[in-house]
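Engineer: Take this structure first; my questions come after.
The values are calculated or read from the model by the stated rules, or taken from the named source; none is laboratory data. Nothing here was measured: the structure is a model prediction, and the numbers come from that model. Glycine gets a Cβ as well: all are built from the backbone with ideal geometry, and neighbour counts include every protein chain shown.
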Amino acid sequence: MVAFAKPGFSFSYVTAQEISALQSHRTARGIPNKQTNRLLVATWNIANFGVQERRDSDHALIAEMLGWFDLAALQEVGDNVTGLKSVLAKLPPSYRTLFSDRAGNNERMAFVYDSSKVTLLEKVGEVAVPPASHRYITLPGIEQKYRGFDRNPYLAAFQAGGFRFLLVNVHLYFGSDSTRDKNRRRLETYAVARWADLRRKSGQRYVDDIIVLGDFNLPKAVPGDGVYEALTKRGLHLPAHTSQVGSAIASDNHYDQIAFFPGNTQADYVDGGVFDFDAVVFSALWNDPQRSKADFIAYARYYLSDHRPLWAEFQI
């Protein structure tokens, strides 16, 4: 993991004021309060988490947002989990974490969940395609061969109320905008979709509901986009969001997604959206005539993230 450049200027903020701004925008963006018959799930790529020099106040802002949800999947967690533990310490004591070992780019993936609402079940592991099955990971127009995941998707089964489900936490390959790297990304995406489809149809499946979420490096969630087509080819569904903003703070890209299959899981889905924290946080910096938009983005992505949280609500 390579950290973003640390901003070369000073800016201080009052944590309580920033939290108040986030809470007000939470209401504006329609993120509901927790309810006993609802499950709030989020996914968030927290840029280079554990590598960039975030401060205690920054961890407090991250914890504030994570605390709105019963369960969150995190990507880009570094080998050094000090930052993750610092955020966890700022959440209510019922919150727990579960994380993978480091993989490509020295990244871990993690789950953070409220154990008073969500129970961790027996199944924890990774998605891996055996070499003998690599020949099945093919897409029209792509001649190059699938060669495995750069970071194996991390999975865990949970239960909330009567809702038993498997979360598959992904951060798929990006590489570059070259055709070869884009094709590798599409093949990785299809490998996840195929795995999820096969498991849901298996007589040995552990749970009926499979939710695939995380950073797919998906440019646009629209028909015709190569990654989107690969993700939905085996039936995974991407719900429309109430807040139509991208998941990256410097673009309108739809990198982050929460996907599931029609049927029981879709019937349980209530609502979802993107939380654009950058619309309200660090307003004094945004309004400083001595600072540019680029300065604001550099600050926000270093101390918080260059991705926005994505959330979904399910009835349980």
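Engineer: Could you please find all residues in the range 87-122 being acidic (Asp, Glu), closer than 25 Å to Leu172 by Cα and in contact with an Asp or Glu (Cβ under 8 Å, 6 or more places away or on another chain)?
Structural biologist: Glu107
Engineer: Quick check on this structure: which one of Ile31, Ile46, Ile62 is touching a residue at least 24 places away in the same chain (Cβ under 8 Å), in a strand (DSSP E or B) and surrounded by 21 or more Cβ atoms within 10 Å (Cβ to Cβ)?
Structural biologist: Ile46
Engineer: Could I ask something else about it? For the range 233-278, which residues satisfy the criterion of being surrounded by fewer than 17 Cβ atoms within 10 Å (Cβ to Cβ), over 14 Å from Ala312 (Cβ atoms) and either modelled with pLDDT under 85 or among the small types (Gly, Ala, Ser) (or both)?
Structural biologist: Result: Gly235, Gln244, Ala250, Ser251, Asp252, Asn253, Gly263, Asn264.
Engineer: Something else: What do you reckon, is Leu40 modelled with pLDDT of 95 or more, touching a Phe, Trp or Tyr at 6+ places or on another chain (Cβ under 6 Å) and either acidic (Asp, Glu) or at negative phi (or both)?
Structural biologist: Yes, satisfied.
Engineer: Can I ask one more? What are the pairs, 6+ residues apart or on separate chains, where a residue within the range 157-184 that is of a type in the set (Ser, Thr, Tyr) has its Cβ under 6 Å from a residue that is not in a loop (DSSP other than H, G, I, E, B)?
Structural biologist: Tyr173/Arg184; Tyr173/Arg185; Tyr173/Glu188
Engineer: Is it the case that some residue within the range 207-214 is buried (at least 20 other Cβ atoms within 10 Å of the Cβ), in a loop (DSSP other than H, G, I, E, B) and on the phi > 0 side of the Ramachandran plot?
Structural biologist: No, there is no match, as no residue in the range 207-214 is buried (at least 20 other Cβ atoms within 10 Å of the Cβ), in a loop (DSSP other than H, G, I, E, B) and on the phi > 0 side of the Ramachandran plot.
Engineer: Checking Asn217 against (1) out of contact with any Asp or Glu (no Cβ under 6 Å at 6 or more places or on another chain); (2) surrounded by 22 or more Cβ atoms within 10 Å (Cβ to Cβ); (3) of a type outside the set (Lys, Arg); (4) in contact (Cβ under 8 Å) with a residue 60 or more places away in the chain: exactly one of these is not met. Which one?
Structural biologist: The one condition Asn217 does not meet is (4).
Engineer: Out of curiosity, is Gly78 closer than 19 Å to Asp256 by Cα and not aromatic (Phe, Trp, Tyr)?
Structural biologist: When the stated conditions are applied, Gly78 passes them.
Engineer: Hey, could you check the range 76-95 for residues that are under 21 Å from Leu121 (Cα atoms), touching a strand residue (DSSP E or B) at 6+ places or on another chain (Cβ under 6 Å) and not small (Gly, Ala, Ser) and say which is surrounded by the fewest Cβ atoms within 10 Å (Cβ to Cβ)?
Structural biologist: Leu88
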